[in-house]
Amino acid sequence: MAFKSKLINILKLIFPSSFIELGVFAFFIICYGILGSYIAINYRIIFDDRIPWDAYFSFDNRSIIMTGGSFERHPLAYYFFNWIRELALLISDGKTNDTFRLTLAWFSNLVISLGLVQIFKYIKNIISLPLFFSLLITLFFGLFSTNIILSFTPENFTYTLFLLTLFNYYAARKIKKEEKIPAIPLILAGISIGGLTVTNIIKVFIPVAFEKGLFKNWKKFGNAILRIALTCICFILLYLNRIDFKYKTIFSKTNSQYEKFSNVKSTPTWDMISSYFFGGNILFPSFIIRNKHNMKGFDFKGLFMAVYTSWIPYVFISILLILILWSYFKNFKSKFVQILMISFFIDIIIHCIMRFGLHTSYIYGGHFVFVYPLLLGWLFYSYKSSPKILSFLTVILGLLFTYLAFNNYLRMTEFFWFLNQYYQ
């Protein structure tokens with residue numbers, strides 16, 4: 001009975017567990033499903049055997065599906081995408097055709113839609129906002145460029161976004177109940193989240209630091225250290241097993257990757273930070289087309305994001321960042337808000353300060369973009385007893401919502417023009 005009860009609780013955690021949650025899930029899976037299905041059936045951009053990377057926005061679809069990506073950044077993704085690929089091939093009778101692409105797109109659609117359910121659950125159950133605000137913020141988040149693109153893109157970031165939203169909701173529930181995060185869930189989170197992108201394993205340990213009485217009780221502190229140590233040991237052993245314990249290759253590969261993705265000087269740093277890191281994950285900028293090749297004699301066209309060319313997107317991002325900072329300082333004493341901001345700050349250090357992949361940081365949105373709606377939720381919560389400020393925030397978010405919908409719809413029409421020109 002205990003096992004059955006735990007299984008039911010896990011299913012309720014991952015999947016919709018109420019009528020309204022089911023409605024949120026159905027809405028997004030239908031909307032994203034229509035988009036992804038149309039692209040998969042009519043175009044070959046989701047998977048093309050000749051194109052390993054950079055067909056659109058620097059995603060490495062074929063490479064990820066076939067290998068899971070480079071081991072130094074995605075150490076355990078190889079095993080995960082083996083299952084995804086084999087299941088898709090089983091459904092498509094072993095062919096990499098439109099059925100294969102459709103299956104991959106629906107895997108992505110499913111996990112992104114479930115991730116949005118996690119955001120809704122967090123806002124409704126942890127922050128305890130009224131239904132109207134919970135739906136408004138969730139719909140706003142659903143229009144982010146990261147969610148739109150990842151809803152049909154088979155990539156590490158797609159599954160990372162879901163796992164991070166799931167774990168943050170789970171951890172927030174534990175902290176709200178003043179309970180510790182058990183060792184097994186922590187280990188599973190470390191292996192899955194860190195396995196898909198190694199730097200994200202740090203984010204798994206952040207909520208542990210905010211467990212009640214951790215730094216006032218040596219027994220609790222020791223228990224936390226033990227859980228973290230067990231997670232690290234399991235992760236490291238699996239990582240080393242993946243590379244046949246040739247640990248020296250990790251350092252050489254990591255250094256070469258850092259050099260490759262951190263020395264781009266074609267665009268001013270401030271514009272890459274604003275247009276790519278803070279902006280491109282939310283509000284599509286304009287696009288540019290480049291000539292690419294697969295190093296085996298096949299030439300193709302790649303679509304990339306450009307920096308913003310109008311003042312309006314900069315104003316949009318500035319307003320959103322002001323709201324996020326407002327939320328942070330207003331709720332500075334909140335454990336939940338600190339967890340979110342520390343997690344976000346890790347990505348700021350990696351991409352903005354260390355400059356790793358800054359020129360394509362819009363593709364890393366799956367690592368942190370979920371922080372925006374949650375911090376917006378906390379901002380609304382902090383003014384629940386101030387009708388005037390709450391009305392002001394609602395109007396501001398409504399304006400941002402309208403412009404986001406208009407801009408991203410317009411950019412997606414340009415994306416389809418690109419598909420019609422080069423990927424039919």
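The values are calculated or read from the model by the stated rules, or taken from the named source; none is laboratory data. Here the structure is a predicted model, which is why all the values come from computation and not from measurement. Every residue, glycine as well, gets a Cβ built from its backbone with ideal geometry; the counts of neighbours run over all protein chains shown. Heavy atoms of the whole protein, side chains included, go into the accessibility calculation; ligands, DNA and RNA do not. Shrake-Rupley method; radii C 1.70, N 1.55, O 1.52, S 1.80 Å.
In this label model, Ser318 and Ala2 are separated by 5.9 nm, measuring between points 7 Å along each Cα→Cβ vector. Just need the relative contact order of the chain here, percent rounded to a whole number, with Cα pairs under 8 Å and 6+ apart. Computed over the chain, the figure is 20 percent.
A simple spin-label model places the labels of Thr413 and Ile10 4.7 nm from each other, with each point 7 Å out along Cα-to-Cβ.
Can you tell me the FRET efficiency between Tyr38 and Tyr79 if r is taken as the Cβ-Cβ distance and R0 is 22 Å, rounded to the nearest 0.05? Efficiency at R0 = 22 Å is approximately 0.10.
For the range 1-69, the percent of C-alpha pairs falling in each 10 Å distance bin, counted from 0 to the bin holding the largest distance, reads 17, 26, 25, 25, 7, 0.
Per residue, the chain reaches -20500 deg cm²/dmol at 222 nm when only DSSP H runs of four or more residues are counted, each adding -39500 (n - 2.57).
For Phe287, the residues whose modelled amide H falls within less than 5 Å of its own, excluding neighbours fewer than 5 places apart on the same chain, are Ala306. Starting from the Kirkwood Rh over alpha-carbon pairs, what translational D in µm² s⁻¹ does the range 1-146 have by Stokes-Einstein at 10 °C and 1.306 mPa s? Value of D from the Cα-based Kirkwood radius: 93 µm²/s. If you model the range 115-263 as an ellipsoid using its alpha carbon gyration tensor, with each semi-axis the square root of five times an eigenvalue, the axes come out at 29, 25, 11 Å, biggest first. The largest-to-smallest principal axis extents of the Cα set in the chain are 63, 55, 46 Å. In the context of the full set of protein chains, residues of the chain present 46 Å² of accessible surface per residue (probe radius 1.4 Å, heavy atoms only). Given the range 298-424, what whole percent of its Cα pairs are spread farther than 21 Å? Of all Cα-Cα distances in the range 298-424, 54 percent exceed 21 Å. Radius of gyration (Cα atoms) of the range 111-177, expressed as a multiple of 2.2 N^0.38 Å: 1.12. Give a quick list of trypsin sites (Lys or Arg not before Pro) in the range 163-247 that DSSP marks as loop, anything other than H, G, I, E or B, with at most 14 other Cβ atoms within 10 Å. Sparse-neighbourhood loop trypsin sites (Lys or Arg not before Pro): Lys177, Lys212, Lys216, Lys246. The 3J(HN,Hα) values that the Karplus relation (6.51, -1.76, 1.60; θ = phi - 60°) gives for the range 225-233 are, in residue order, 4, 5, 4, 5, 4, 4, 4, 5, 4 Hz. Gly and Pro appear as x. In order along the range 281-289, the Karplus-derived 3J(HN,Hα) couplings, from 6.51 cos²θ - 1.76 cosθ + 1.60 at θ = phi - 60°, round to 6, 10, 10, 3, x, 6, 10, 10, 9 Hz, and Gly and Pro are given as x.
Reported value for the range 163-246: 82 Å³ per residue, from the convex hull of its C-alpha atoms. Report the local net charge at Ile201: Lys and Arg +1, Asp and Glu -1, summed over other residues whose C-beta lies under 14 Å from its C-beta. Counting the neighbours of Ile201, the net charge comes to +1. Please tell me which of these pairs span more than 21 angstrom C-alpha to C-alpha: Lys124/Lys212; Lys4/Lys212; Lys203/Lys330; Lys124/Lys177; Lys4/Lys335? Lys124/Lys212; Lys4/Lys212; Lys203/Lys330; Lys4/Lys335, as the Cα separations exceed 21 Å there.
Given the Cα atoms of the range 79-147, and with Rh set as the inverse mean 1/r over their pairs in the Kirkwood sense, what is Rg to Rh to two decimals? Working shown, then result.
On the way: Rg = 16.4 Å, Rh = 13.9 Å.
Looking at the range 79-147, the ratio lands at 1.18.
Could you give log10 I(q)/I(0) at q = 0.16 Å⁻¹ for the range 274-328, computed by the Debye formula over C-alpha point scatterers of equal weight, without solvent? Listed by q, the Debye log ratios stand at -0.58. Modelled spin labels at Thr402 and Ile389, positioned 7 Å past Cα toward Cβ, are 2.5 nm from each other. Within the same chain, aspartates and glutamates fewer than 8 places from Lys176 are excluded, and of the rest, those with a Cα less than 18 Å from its Cα are Glu211.
Pairwise alpha-carbon distances in the range 296-352 exceed 13 Å for 75% of all pairs. Of the residues Ile91, Gly142, Ser37, the one whose Cα sits farthest towards the positive end of the charge dipole of the range 24-145 is Gly142 (charges of +1 on Lys and Arg Cβ, -1 on Asp and Glu Cβ, taken about the Cα centre).
Please sort by residue number the GluC sites (Glu not before Pro) in the range 134-201 whose DSSP state is loop and whose Cβ has at most 12 other Cβ atoms within 10 Å.
Glu178, Glu179
A Förster radius of 45 Å combined with the Cβ-Cβ distance from Phe27 to Asn294 puts the calculated FRET efficiency at roughly 0.75.
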